[in-house]
Amino acid sequence: MFALADCNNFFVSCERVFRPDLRDKPVVVLSGNDGCVVARSNEVKRLGIKMGVPFYQIQNEVKKYGIVHFSSNFALYGDLSSRIMRILSRYTSDLQQYSIDEAFLDLSHLTTSDDMLSTCRTIRADILRGVGVPLSFGIAPTKTLCKVAADYAKHYEGYHGVSIIDTDAKRRKALSAYPIGEVWGIGRQTRQKLEKSGIRTALDFAEHSEVFARNLLGKTGWETWRELNGDPCIITRELPMKQSITYSRTFAHPVTDRALLEQAMCEFCANAALKLRKQQSVCRQMIVFAHASRFNDEPLPAITETVTFAQPTSNTQELIERLLYVVRSQWCEGVPYKRAGVILMGIESAAARQQQLFDNRDRDRDNRLQRAIDSVNAHYGRNTIRQAVYLPAGEKLFEVGRKSPAYTTNLREIITLKA
Amino acid sequence: MSERLLDIAGVKTPTRRMVLAENVHAGFPSPAADYTERIDITDEIIRHPETTFYARIDGDSMQDAGIRSGDLVVIDRSLQASDGDFVAAYIDGEFTIKEYRFDCKENCAWLIPHNSRFSPIRVSEENAFMIWGVITYTIHKLNK
């Protein structure tokens, strides 16, 4: 069995940690460069304000309901995300982080549903008190069903944040009220195809034959069909709605040598960065992770960090510098690392990016060098020229714009306690 | 390390970026090489890194407890506040630091200042109140 841990309205919840006065107030978080709504509190969702709308289009609602708005504070969100992921990794030997605010936990070390429920409730309470962010948990035999269960946990208070699909009756009941378009991995086109065949709910789809699913939708749809029927077959999948680039691997033999792990992770990072540049985009965040083998009884310390770039980047050197810093500061001697990877997130078009006021990198030079290296590698084969491994002096991060303070990442911006 | 320039496709870049070996070992190995661990005070001060936050003190209400304006405090949110703990509390729109007391008879909480010029605050249902975290250390700078 797996559990999906999903932070509720993550960016808004992060802001509320340091602004308890906003607990029941309508709050939105806006994207940095174009001012679109990227996170909404439940109060805002109830007003019918949709994800992604430009802020100027909701000016009337903002005035009428007193909606509080923030620019994205990636330093804060990244730090709280890292804290949450590290707490989660204590409870499982296999944590798969999928986005800044979601991760799958392998619960195969627990035998009864009661154990799984009580474990997830404990984690939820620990994180709510210790970090201040509320989470929802969905427990189920497959990751696609976990997403369904977590949705129920999030939307119905009666579950107190944790719901489980552990019997066939529960599975059918959950799927019968679940619109097909909401299912993980079902995009708009697939939904339209299925609706033409009279399929409205996830259960309608699951009850069609396997042959129907495979013929109509191909491999991805077939996998979804199997997962909805309780057959776990999705090992990794990028979230359909969130842009991210993932390079990760399970090693054939656990890695206990730091240099080897660094080498492997630098390669993932270089490949991910190349993919990013090929689609003319840059990223704001990078998740770096390495986990121990799942065959250990005791969960071992994991390497996990969400790195935030003040200036969005696709530069291999810059990404690798930050990656190595994370690996070197979190590496534990003697831990057999089994799975490792790099996820690039907060992806935006390279053309749209703004020059930062306090940027201490020579971007033009970096880019020219990167282009030169890419063209050499395109000619003579990947990795002909690659980054040698070295640790740079600490780079200062500067953020500009109207956003909340960097409460947890800059000593000058911490909260004040009145005495 | 020298900053010789390497010319790749018309881009002048320091060779420093392309170093292939990190350390060059030469001469006699240092007998102290195996003893590089140094005391790290954060290990002592931060018991739970995931749930540790920091705040700056502003005001004099805790001065008799040795907590002065401008001090840095370490807050651990994972700890449950017990009677007599110093806490970071949120009350009526403001973060404050006080000693936490729970009155079983009256079934209410008190926030106790450590300065005779200030009065204890009785926390009732009407207050917007939460204990944000427990103060584990204060750091007071002596040398300006």
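So the values come out like this:
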quantity: Rg(Cα)/(2.2 N^0.38 Å) for region A:1-102, N = residue count; calculated: 1.18
quantity: Cα pair count fraction exceeding 21 Å, expressed as % - region A:171-261; calculated: 40 percent
quantity: Packing-based exposure ordering (other Cβ within 10 Å, fewest first) of A:SER314, B:SER78; calculated: B:SER78, A:SER314
quantity: Debye equation applied to the C-alpha atoms of region A:78-228, log10 I(q)/I(0) at 0.09, 0.20 Å⁻¹; calculated: -0.31, -1.21
quantity: Region A:116-175, relative contact order [Cα under 8 Å, separation at least 6], %; calculated: 30 percent
quantity: Global size of region A:86-157 as Cα Rg and Dmax, reported in angstrom; calculated: 11.6, 29
quantity: Fraction in percent of alpha-carbon pairs per bin - 10 Å, chain A; calculated: 4, 20, 29, 28, 15, 3, 0
quantity: Antiparallel bridges, percent of DSSP beta bridges restricted to region A:7-75 (to nearest 5); calculated: 50 percent
quantity: Three semi-axes of the equivalent ellipsoid, region B:42-139, Cα gyration tensor, whole Å, largest first; calculated: 22, 16, 12
quantity: Fewest-first ranking of A:ASP106, B:ASP40, using other Cβ atoms within 10 Å as the exposure measure; calculated: B:ASP40, A:ASP106
quantity: Packing-based exposure ordering (other Cβ within 10 Å, fewest first) of B:THR138, B:THR96; calculated: B:THR138, B:THR96
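Every number here is computed from the coordinates shown, using simple stated rules; none is lab data. Predicted model only: the values in this text are computed from it and were never measured. Counting neighbours? That spans all protein chains shown, and the Cβs are built from the backbone with ideal geometry, glycine included.
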